[in-house]
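Visitor: This is the structure I have questions about; it appears just below.
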Amino acid sequence: MSQTTGAGAVAGAESLPPVFDEAGRRELDAVVARYPTKAAALLPALWMVQRKHGWVSPQGMAEVAEALALTPAYVKGVVTFYSMYHQHPVGTHFVQLCTTTPCNVCGAEKVAEAFLRATGAKRLGETSPDGAWTVVEVECLGACGFATPVLLDDDFIESVTPESVPAIVARYR
């Protein structure tokens, strides 16, 4: 199964409120104080943007670049390198499931199909019509002995089967 992203996913991005308003700036200053340089606080600053908006928009990248005296291209390079930063809006619940070979042999594709059915998402990488769920495949979650592992929001769930998916989704509704 391949991951897809909707072409219109960034609509409305320019209207997002700033992350580094007065309170956000105080939080960023506290983060920066823990590092030897402002640039070293880049990853936590990006987390601040994602925590506030649910994703890192081009506007958010520019805001981080300005706050940390970095070029927008450098910030974008970091965002595009790490898969943990969402480059488009995602659902309230973000489901990552391992589809690497060991997990695939153990039925990961059927687990993916079960998540799509249970959440209403049409395809991997797309958000469900209600905006609640985005299901994506990832290369490895480091739990090959507990196939199929799933990272749902910040919760790591091992040994997920197609049969266990409806109950898992119900717990997060």
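Visitor: Quick one: CYS140 ticks every box in (1) touching a Cys at 6+ places or on another chain (Cβ under 7 Å); (2) buried (at least 18 other Cβ atoms within 10 Å of the Cβ); (3) within 30 Å of LYS76 (Cβ to Cβ) except a single one, so which number is it?
Guide: The number of the failed condition is (2).
For every residue, the table says whether it meets (1) basic (Lys, Arg); (2) out of contact with any Pro (no Cβ under 9 Å at 6 or more places or on another chain); (3) not assigned by TED's automatic domain parsing to the domain that holds TYR35.
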position	(1), (2), (3)
GLN59	no, no, no
GLU63	no, no, no
THR71	no, yes, no
TYR74	no, yes, no
GLY77	no, yes, no
HIS86	no, yes, yes
THR99	no, yes, yes
PRO102	no, yes, yes
VAL105	no, yes, yes
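Visitor: Taking the condition polar (S, T, N, Q), surrounded by 13 or more Cβ atoms within 10 Å (Cβ to Cβ) and touching a Phe, Trp or Tyr at 6+ places or on another chain (Cβ under 7 Å), does SER159 pass?
Guide: Working: polar (S, T, N, Q): yes; surrounded by 13 or more Cβ atoms within 10 Å (Cβ to Cβ): yes; touching a Phe, Trp or Tyr at 6+ places or on another chain (Cβ under 7 Å): yes.
Against the criterion (polar (S, T, N, Q), surrounded by 13 or more Cβ atoms within 10 Å (Cβ to Cβ) and touching a Phe, Trp or Tyr at 6+ places or on another chain (Cβ under 7 Å)), SER159 qualifies.
Visitor: What are the residues in the stretch 93-112 that are surrounded by fewer than 22 Cβ atoms within 10 Å (Cβ to Cβ), within 21 Å of ARG171 (Cα to Cα) and out of contact with any helix residue (DSSP H, G or I) (no Cβ under 9 Å at 6 or more places or on another chain), if any?
Guide: PHE94, GLN96, LYS110
Visitor: Under the condition of being in contact with a strand residue (DSSP E or B) (Cβ under 9 Å, 6 or more places away or on another chain) and of a type in the set (Ser, Thr, Tyr), which residue from the stretch 108-162 is nearest to CYS98 (Cα to Cα)?
Guide: THR148
Visitor: Quick check on the stretch 113-137: of everything there that is β-branched (Val, Ile, Thr) and within 17 Å of PRO162 (Cβ to Cβ), which residue is surrounded by the most Cβ atoms within 10 Å (Cβ to Cβ)? Can you show your working first?
Guide: Start the filter on the stretch 113-137 by keeping residues that are β-branched (Val, Ile, Thr), which leaves 119, 127, 134-136.
Subsequent filtering for residues that are within 17 Å of PRO162 (Cβ to Cβ) retains 119, 135.
Values: THR119: 23, VAL135: 33.
Within the stretch 113-137, the match that is surrounded by the most Cβ atoms within 10 Å (Cβ to Cβ) is VAL135.
Visitor: Out of (1) touching a Leu at 6+ places or on another chain (Cβ under 7 Å); (2) assigned to a loop (DSSP other than H, G, I, E, B); (3) more than 28 Å from GLU22 (Cβ to Cβ); (4) not polar (S, T, N, Q), the odd one out for VAL136 is which?
Guide: With respect to (1) touching a Leu at 6+ places or on another chain (Cβ under 7 Å); (2) assigned to a loop (DSSP other than H, G, I, E, B); (3) more than 28 Å from GLU22 (Cβ to Cβ); (4) not polar (S, T, N, Q), VAL136 is out only on (2).
Visitor: Let me ask something else. With the structure loaded, tell me whether ALA147 is of a type in the set (Gly, Ala, Ser), touching an Asp or Glu at 6+ places or on another chain (Cβ under 6 Å) and surrounded by 14 or more Cβ atoms within 10 Å (Cβ to Cβ) or whether it fails that test.
Guide: Working: of a type in the set (Gly, Ala, Ser): yes; touching an Asp or Glu at 6+ places or on another chain (Cβ under 6 Å): no; surrounded by 14 or more Cβ atoms within 10 Å (Cβ to Cβ): yes.
For ALA147, the condition - of a type in the set (Gly, Ala, Ser), touching an Asp or Glu at 6+ places or on another chain (Cβ under 6 Å) and surrounded by 14 or more Cβ atoms within 10 Å (Cβ to Cβ) - is not met.
Visitor: Does any residue of the stretch 45-56 turn out to be surrounded by fewer than 20 Cβ atoms within 10 Å (Cβ to Cβ), touching a helix residue (DSSP H, G or I) at 6+ places or on another chain (Cβ under 6 Å) and either over 30 Å from GLY145 (Cα atoms) or touching a residue at least 24 places away in the same chain (Cβ under 8 Å) (or both)?
Guide: The answer is no, given that none of the residues of the stretch 45-56 is surrounded by fewer than 20 Cβ atoms within 10 Å (Cβ to Cβ), touching a helix residue (DSSP H, G or I) at 6+ places or on another chain (Cβ under 6 Å) and either over 30 Å from GLY145 (Cα atoms) or touching a residue at least 24 places away in the same chain (Cβ under 8 Å) (or both).
Visitor: May I ask you to list the residues in the stretch 149-173 that are within 20 Å of MET84 (Cα to Cα) and either touching a Lys or Arg at 6+ places or on another chain (Cβ under 9 Å) or assigned to a strand (DSSP E or B) (or both)?
Guide: Filtering the stretch 149-173 for residues within 20 Å of MET84 (Cα to Cα) gives 149-158.
Residues satisfying the conditions are VAL150, LEU151, LEU152, ASP155, PHE156, ILE157.
Visitor: Could you tell me which residue of the stretch 1-54 is modelled with the highest pLDDT, considering only residues that are among the polar types (S, T, N, Q) and in a loop (DSSP other than H, G, I, E, B)?
Guide: Initial filter on the stretch 1-54 (among the polar types (S, T, N, Q)): 2-5, 15, 37, 50.
In the following step, the residues that additionally are in a loop (DSSP other than H, G, I, E, B) were identified as 2-5, 37.
Details: SER2: 35, GLN3: 37, THR4: 37, THR5: 38, THR37: 96.
Per the stated criteria, the residue is THR37.
The values are calculated or read from the model by the stated rules, or taken from the named source; none is laboratory data. Bear in mind that the values here come from a model prediction, so they are computed numbers and not experimental data. Quick reminder, even Gly has a Cβ in these numbers, built from the backbone with ideal geometry, and neighbours come from all protein chains shown.
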